[in-house]
1. Which pairs do you get when a residue that is within 14 Å of chain A (Cβ to nearest Cβ) and in a helix (DSSP H, G or I), found in the range B:445-474, comes within reach of a residue that is surrounded by 13 or more Cβ atoms within 10 Å (Cβ to Cβ) and basic (K, R), reach meaning Cβ atoms under 8 angstrom, with the pair 6+ apart or on two chains?
2. In this structure, is B:S641 touching a strand residue (DSSP E or B) at 6+ places or on another chain (Cβ under 7 Å) and at pLDDT 90 or above?
3. If you scan the range B:541-570, which residues turn out to be closer than 27 Å to B:T392 by Cα and either aliphatic (A, V, I, L, M) or in contact with an Asp or Glu (Cβ under 6 Å, 6 or more places away or on another chain) (or both)?
4. Between a first residue in the range B:116-134 that is in the same structural domain as B:T154 (by TED's automatic domain parsing) and under 16 Å from B:Q100 (Cβ atoms) and a second residue that is surrounded by 13 or more Cβ atoms within 10 Å (Cβ to Cβ) and of a type in the set (S, T, N, Q), which pairs have beta carbons less than 8 Å apart while being 6 or more apart in sequence or on different chains?
5. Check the range B:477-494 and report whether any residue there is over 29 Å from the mean Cα position of the chain (by Cα), at pLDDT 85 or above and buried (at least 19 other Cβ atoms within 10 Å of the Cβ).
6. Within the range B:588-643, track down each residue that is more than 14 Å from chain A (Cβ to nearest Cβ) and in a loop (DSSP other than H, G, I, E, B).
7. Do we find a residue being within 14 Å of chain B (Cβ to nearest Cβ), among the hydroxyl-bearing types (S, T, Y), touching a residue at least 12 places away in the same chain (Cβ under 8 Å) and in a helix (DSSP H, G or I) anywhere in the range A:159-170?
8. Go through (1) at pLDDT 90 or above; (2) within 15 Å of A:A96 (Cβ to Cβ) for A:T140 and report which single condition fails.
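The values are calculated or read from the model by the stated rules, or taken from the named source; none is laboratory data. Nothing here was measured: the structure is a model prediction, and the numbers come from that model. When we count neighbours, we look across all protein chains shown, and the Cβ atoms used for this are built from the backbone with ideal geometry, even at glycine.
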Amino acid sequence: MIHVERLCKSFLDYQRGWVFAVRDVSFDCRPGEIFGLLGPNGAGKTTTLRILSTVLKPTAGHAIVAGHDVVAEPQAVRSSIGYMSASTGIYDRMSAWELVEYFGRLYGLHPERLRERMEIIFDWLKMNDFRETLGSKMSTGMKQKVSIARTIVHDPPVLIFDEPTSGLDVLVQRVVLQKILELRDMGKTILFSTHAMHEVQKLCQRVAIIHQGELQVAGEPHELLKRFDQPDLEELFFHLVDRADQETAMAEPASDRPAGARKIRSPDQPDLPSLPTEDETDS
Amino acid sequence: MSWSNLFVIFRREVLDQVRDRRTLFMILVFPILLYPILGYGIIQATAARENKPRIVVVVGAEYLPIEEPLLSPGGDGFNSRLLDPLDDTIPLLVQPESEQGSWGSPERRAQAIRNGTASAVMVIPPDLPRQFREKNDVEIPILFRSVDEPSQNTYFRLRELLDRWKRGIVDARTKKDNLPRGYAQPIQVRGHDVATVQEVQGNTWSLIFPFLLVMMSLTGAFYPAVDLCAGEKERGTMETLLISPATRAEIVLGKFLTVMLASVMTAVLNLFSMGLTGIVLARNGASLAMEPSQRAAAVAGLAPPTLQSALWMVLLLIPLAAFFSAVCVALAVLARSMKEGQYYMTPLYLVCLPLIFLTLIPETKLNLFYSLVPITGVALLLRALIMGDYATGGRFFLPVMVPTVVYAWMALRWAIDQFQREEVLFREAERFNVGVWLKHLVRDRQPMPTGGQAVLCFSLILSASWFLMEYMAIQGIGANLAAVAAGQFLILLPPLIMAMMLTSSPRRTLRLNWPAPRYFLLAIAFPVALNPLVNQLGHLVEQWFPISSIIKQSLSQIMSESPSLWVSVGVFALLPAICEELAFRGFILSGLEYRRRTRSAIFLSALMFGFLHVLLSLFQQLFNATLLGIVLGLLAVRSHSLLPGILFHFLNNALAVTQGHWVHGLEAAGLASWLYRNPEEGLYHGFWIAMSLLVSTVLFLYLWKLDRPDRTAETHGVAPVF
């Protein structure tokens, strides 16, 4: 359902020039599975997920989400996914019901079907007590439930969660994780990024560890622990991060290397793909 | 474009704004409260002003003649016959003082004016009765303080009063000596005002309304734009919206329509509230005024605009509000937070204020140049329409509306572009350092310039040309060949330097390639085919917007000072062909094409090309230059080379410069009448103009439709010139 192949993304930075945020990332994610993307802050997780949700364009490589290419058919991709992160906010001056209804309409749901769907979701997430409450008056837990409702209102086959529990208290965290598991049981394809090991252990059938924009390793957790001879995921994570840092330090002097990103040459140089362009007149 | 998505977004944004107390206050409450409070303040201030009489100390009042009294019988005011019945109602109180007392000292008099105990001091000389008897000239000094407005006004009123007194004395003397009335007053001046009632009524509003309309429209657009763009980023809802299936254009249009609605509502409500306050003020003014003429003036001056004017205002407001809304949305999306968004307000107002202040100057009249200036054109047209000047209004309606709609459209495109840019939508805080930024500019140069660099290049060309013109004006140098050549040099310099410094491929930027041979053929065919049309269009424009005789004279003077025809061709055809092409179809067009919006880039570069001609020579050249700019832009884009454009530009200008010569040649050969209906002005027969239109259209369509890169493989194989 999600197929990512050699995905690259670089940004132009005033101080550092062109820097890679993501380099050569490849993985697959299947229906009825939660695929964990594990990495420290600034590893490139959010950039990868933003490319998959089509708000960023990849510099190279390609990604297919729900059968659609993220560059060629961005609208079809957006219609087939639900995206939620800890940073996606909700409108202060809209009630829970209005907000979910707004996005449902944007997803092109017929009013009657939308109403049916919303009743089911509001029951499932136990949101009926605050359906008329404005965003500004909601608690963090309520907001997170509204975000989940918004993410699944159009019943998408693919769900992308970018650190959805970040900054939440344990009670709300538990509810969110529980609902994600229930969604998996409904047969959804779920991509879940986090830097919390226990979440990966609890949720993910397969996991990829990403650091400095590069995928270090991918596979089933127990298989990875066996392969690297590590007692648990946390140790495996530190082991891979240390290994990657040592390799980078040997490759270039430390003074040239900024944290969390690798410097690259300008995109007009031949070994780098150029930015995608389209001629308005001629297309 | 999904209209249902657009409507859903628009509906939500409007609902959001209606629920926002700040927006409601700015749109509804503020205008409803502001003007009545201001009006009440004005009435109170006027009333307070009326109660304070001006004190005039008359030193030596005892010397005034009795037969022609200057003062009232009680001596505490002036003779009522000498007061102007149309004067305002501030009374002049007289304080008669003897010359023998302390008032005899000049210091005492000056001090009284300085500390405000007297508005003016009139000194009657002791020998006044004797001089009157002997019919000699008498000097009556009046002391006043020019920096104090009431004192200065009192002085002017005293002068008029003394004039009337003087006339009375002269009348008495002529009667006494039995002389005719015309002996002392050979000329009587009487002014007749031909202003219509609508003009008188419109005069006050025509100055205030355009100003207010623009300011309120801008204010009404700004706050919602910041809330809907920067606010949405700050609250974290922007990303959610971008991930929905709505396209960027739908999102921007939904937001833009909301902002525009707020802008129009703010402006209309402000005008409505102000108009209502005006009516109340006019009634109050009428009841306060004592004289019937004052009452009429107050009512006429503040009467509300007619229904027709009000409709014009709303009609013109819509494209203006669209322009402001698009600019505000594009600017607001740059900001990361509401706070940062507020910072953009000051520069926006600073740019708009000079443009709108022009309309407050009564001498500024709408002309073709002003009609092209954003904001000013609309405001001046509005002024003309409120005044009931429908002749000007009708003539300039399209020249104002078309550019305003075009500017609004371009601003909207810019806003949509901003929403496509990852670096704008996901901009993070960074410490700006000029040194690092300059280093980045050189280190991370791209093969082609950016759109921003293209606009900077155009601004540099404009500024440099303007400074050259100002320098010549200061030095008293008239227009001459050397100045024209220097002007061209200044057009060439910025694109050359910028291409070398800011791009990694100046050759690609300036399109220094050998094109396919057919483009040279097109470059020769186009100017020849266009010539009848260009001449006719120039003639039509001149009929509508005549060129002043002074300008014509100075133009022919430059031409006549040229030592030979070849020099004229060099200066007016070859130099502009090279310099202007390198700038406009080289650096600027390449920069505007940065995001591959070829159509917009060609149009925008042509508009810039036209605008430069307005600044450099005549605003009448705008149409021709823009039209040619479009063809030249298309030629440059299709041929991937500057050379055909240079040839085209050279031939086009050379045909104009040498027109007189070859028309003479044709006349000598007896062919002129076959081609021209007016050989003097180079006007062709209708048949040739129709042919010109046909052939040019065919050539243009060939370039536009058939010569697209996907149809012609060979365009990719262009060889570099250098």
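1. B:G451/B:R595
2. When the stated conditions are applied, B:S641 passes them.
3. Selection gives B:V541, B:I547, B:I550, B:I551.
4. Listed pairs, sorted by first residue: B:P125/B:Q131.
5. Looking for residues that are over 29 Å from the mean Cα position of the chain (by Cα), at pLDDT 85 or above and buried (at least 19 other Cβ atoms within 10 Å of the Cβ), one finds none in the range B:477-494, hence no.
6. B:S617, B:L618, B:F619, B:Q620, B:S641, B:L642
7. Checked the range A:159-170: no residue is within 14 Å of chain B (Cβ to nearest Cβ), among the hydroxyl-bearing types (S, T, Y), touching a residue at least 12 places away in the same chain (Cβ under 8 Å) and in a helix (DSSP H, G or I).
8. Exception for A:T140: condition (1).
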